[in-house]
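Laboratory data are not the source of any read-out in this text; all were calculated from the coordinates shown. Only a predicted model underlies this, so the values are computations on that prediction, with no experimental measurement involved. Glycine gets a Cβ as well: all are built from the backbone with ideal geometry, and neighbour counts include every protein chain shown.
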Amino acid sequence: MSTVPESKTNGETTLSSEDEGHTSLAKRLAGANTLWIGVVLLLLIAVFGAIRPDAVLTTFTLQTTLVETSVLLVLAVGMTFVIITSGIDLSVGSVLVFSGVTSAMTMNAMSGGDATKAGWGVVWVGLLVALVSGAAWGLLNGLLIAKSKIPPLIVTLGSFGAALGAGQLISNGSNVAGVPEVLGNTLGTGTYLGIPNLVLLAAVVAAIGALLLTTTRFGRYTYAIGSNEEAARRVGISVTGHLMKIYLLAGVLAGLAGFMAMAYFRVASVTGHDTDNLNAIAGVVLGGTSLFGGAGSVVGTVLGVFIPAVLRKGFVILGVNVYWQPIAVAIVLVAAVWFDQSRRRARNQR
Amino acid sequence: MSEPLLEARELVKHYGSVEALRGASFTAYPGEVVSLIGDNGAGKSTLVKCLSGVERPTGGTLLFEGEPLELTSPTDARDHGIETVFQDLAVAPDLDPAANLYLGRELRKPGVLGWLGVLDKHEMRKRAAEHFYRLGVSLQSIDVPIAALSGGQRQSVAVARSVAWASKIVFMDEPTAALGVVQRERVLDVIKRVRDEGIAVVLISHNMPEVLSVSDRIEVLRLGRRVARFKGPDTSVEELVGAMTGALTQEDAA
Ligand SMILES: Nc1ncnc2c1ncn2[C@@H]1O[C@H](COP(=O)(O)OP(=O)(O)OP(=O)(O)O)[C@@H](O)[C@H]1O
Ligand SMILES: [Mg+2]
């Protein structure tokens, strides 16, 4: 293939190998949802900050917002991968509970019933148990979705109920106390250079997730499968294997989130996580990831999970009834999906 | 003529109760353009899917370079130097043209990063741009998702992808259906150039003048069976249409 055809036809330029200079970063950002969601977030902070500068910008408010959101962020990073493949994972909150319970109970069992005074060896085993518990549920989800071809909505609705039920069975329906103090004092409420350790861990998870998605072949296949599963299969991508890994990843991260929540609250709680799945999905979708699959980013998710959190904090500070918060989030969420959908429709009509 | 590169004998393919192929045979020689024609629903796309590892035939045999071959997956076919432009294109609309060109064959960075799975996006982009340029594929930008391109441009990208990787045979299932006059000529040029490199090109098209202008041979499929074979230069549109509709049959074709 060496002959070069004429390079201009009726005004349309043929791409030449010289004019492949990089599109400017600004231009690419402007086209992305990520930019807009970042602007919305900054606007929210600016508005709340302008009204009550004393309360909003104190490190305490900032810190508590960050800490409370970091567990959710870890769930949402896994959810981003899942949703980009055009899947969904409703089980993350229940897997979080299950992993926290198995981890706490293992640590207690290793310490004669109460792990409060246990050392680091026990804590590391606890972490391992949490991650493996999460991985087990993720693997089960992946098997049923990728191998048995049952829709993800149904599979993870099932494991949403089953994982919570299993967690409550093991713990007899009550919270598991006895979390090691060394864990609570370090990962739970400790700080490094003034930044809470939980936040640092969540930031590391998000950074690795972002790199995995944007720079690696794993990430490329994630987009390809969400964009056109059959096309991915026809170019030889192992779609089944990849989807298994994706749900496994979501499960492991839910396990890690369970460990983090347990460290923070110093108890493995079996309640209060019923809507974690929806909060994570909302964050991901607010961050510009498409429910139709094929498009999205971890950076967007980071911004997206902070919008509900900032709204809640803002309403508290301003004295607005906090019950407005879910309503406000719902409006933003529906608007985000509507925006994505109309953009896709415009695109597909060509 | 030389030994056939690829020979399908009596392929059968059932989809439930639908018999898409009922003992279809097909032959392709190295370095030729062979057109596969037939009415809508004759089984052309199904045959192509069977010969590119996407579908597994219910019955029949396949010979590749004289040896029996069983294609178990699209990867298997690609490993044998078989590439395909599918009728539905099989591109990922959210990925850009370079990503689609390299889909499943991504280049990785050298060293540790590559071992970690990090892509060499810059190199892929550069080579993709050169490749599109060589084939005369006009794109306003190489950074937009394929979905933002016109239907014809998308088709051109799919064609470019197949010829970039093929070393033995390329199947093109209606590669010119959405193309304008200029782009269509380009694709036909590409087909001839690929053929001149010794690669077999199997062209599926409903455009008879196009088929006649480019083909060395023509095989006709009707109701899932091969019903006629022609030498490209010595046939006419009337003969082809006759064979496709069943008005004309050749005894030795099946
Ligand atoms: N996945 C499938 N499931 C069921 N039936 C199918 C499937 N694919 C093809 N068929 C049937 O097989 C027959 C042949 O289809 P095929 O797509 O191979 O035809 P074709 O010759 O490519 O037609 P066209 O010129 O319209 O592209 C048709 O009757 C079609 O309905
Ligand atoms: Mg067809």
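Let's see if you can work this out: charge +1 on each Lys and Arg Cβ, -1 on each Asp and Glu Cβ, no other charges. What is the dipole magnitude of region A:59-338 about its Cα centre, in debye to the nearest 20?
Rounded to the nearest 20 debye, it is 500 debye.
Could you compute the FRET efficiency for B:Leu248 and B:Asp79, with r as their C-beta to C-beta distance and R0 at 41 Å, rounded to 0.05?
Working from the Cβ atoms, E equals 0.55.
Could you tell me, in Å, what Rg and Dmax come out for the Cα atoms of region B:6-245?
Over region B:6-245's Cα set, Rg and Dmax evaluate to 18.2, 62 Å.
Restricting everything to alpha-carbon atoms, can you work out Rg to Rh for region A:93-143 with a Kirkwood hydrodynamic radius?
Using only Cα positions, Rg/Rh for region A:93-143 is 1.06.
Binned at 10 Å from 0, what are the whole-percent values of the Cα-Cα distance distribution for region B:179-254, short to long?
In order of increasing distance, the bins hold 17, 48, 28, 7 percent.
Taking every alpha carbon pair in chain A, what does the distance histogram look like in 20 angstrom bins from 0, in percent?
Using 20 Å bins, I get a P(r) of 28, 54, 16, 3, 0 for chain A.
Per 20 Å bin, what is the whole-percent P(r) computed from every C-alpha pair distance within the protein assembly as shown?
Result, from short to long distances: 18, 42, 27, 12, 1 percent.
Could you tell me how far the Cα centroid of region A:187-201 sits from the Cα centroid of region B:176-215, in Å?
63 Å
Work out the length of the dipole vector of region A:175-290 about its Cα centre, built from +1 on the beta-carbon of each Lys and Arg and -1 on the beta-carbon of each Asp and Glu, and round it to the nearest 20 debye.
400 debye
Ignoring everything except DSSP H segments at least 4 long, calculate the 222 nm mean residue ellipticity for chain A; use -39,500 (n - 2.57) per segment, divide by total residues, nearest 500.
Here the helix-only value at 222 nm equals -22500 deg cm²/dmol.
For region A:44-188, with equal point scatterers placed on the C-alpha atoms only and solvent neglected, what are the log10 I(q)/I(0) values from the Debye formula at q = 0.09, 0.10, 0.11, 0.20 1/Å, to two decimals?
Log10 I(q)/I(0), no solvent term: -0.39, -0.48, -0.56, -1.13.
What are the aspartates and glutamates whose alpha-carbon lies under 12 Å from the alpha-carbon of B:Lys121, with same-chain residues fewer than 8 places away excluded?
B:Asp96, B:Glu106, B:Asp143
Considering only C-alpha atoms, what is the centroid distance from region B:1-59 to region A:155-180, in Å?
Each part's Cα centre sits 55 Å from the other's.
Select from A:Thr215, A:Leu41, A:His242 the residue farthest towards the positive end of the dipole of the protein assembly as shown; place +1 on Cβ of Lys and Arg, -1 on Cβ of Asp and Glu, and compute about the Cα centre.
So the residue furthest toward the plus end is A:Leu41.
Could you work out the relative contact order of region A:185-252? I mean the mean sequence separation of Cα pairs under 8 Å and 6+ apart, divided by the number of residues, in percent.
After rounding, I find 13 percent.
Straight distance only, please: which aspartates and glutamates reach the Cα of A:Lys117 with their own Cα at less than 14 Å, same-chain residues fewer than 8 apart left out?
Hits, sequence-local ones excluded: A:Glu181.
If I take the Cα coordinates of region A:258-309 and project them onto the principal axes, what are the three extents in Å, biggest first?
Its Cα atoms span 37, 18, 18 Å along the three principal axes.
Given the options A:Val305, A:Val316, A:Val132, state which has the largest fluctuation in a GNM of chain A using a 10 Å cut-off (strictly under) for Cα springs.
In this elastic network of chain A, the residue with the biggest mean-square fluctuation among A:Val305, A:Val316, A:Val132 is A:Val316.
Which entries of A:Lys149/B:Lys49; B:Lys44/B:Lys126; A:Lys245/B:Lys109; B:Lys44/B:Lys231 show an alpha-carbon separation above 25 angstrom in the structure shown?
Distance filter (> 25 Å) returns B:Lys44/B:Lys126.
I need the Kirkwood Rh of region A:218-346: take the reciprocal of the average 1/r across all distinct C-alpha pairs and report it in angstrom.
16.9 Å
Debye calculation, C-alpha points only, no solvent: report log10 I(q)/I(0) for region B:1-141 at q = 0.20 Å⁻¹, in the same order as the q values.
Taken in order of the listed q values, log10 I(q)/I(0) reads -1.20.
How high is the relative contact order of region B:95-254, given as a whole-number percent (alpha carbon pairs under 8 Å, six or more residues apart)?
15 percent
How many angstrom separate the Cα center of region B:112-165 from the Cα center of region A:233-271?
33 Å
At 25 °C and 0.890 mPa s, grab the translational diffusion coefficient of region A:144-279 from Stokes-Einstein with a Kirkwood Rh over Cα pairs, rounded to a whole number in µm² per second.
It diffuses with D of about 141 µm²/s by this estimate.
Mind checking which aspartates and glutamates have their Cα closer than 13 Å to the Cα of B:Lys192? Skip sequence neighbours fewer than 8 apart in that chain.
B:Glu32, B:Glu210, B:Asp216
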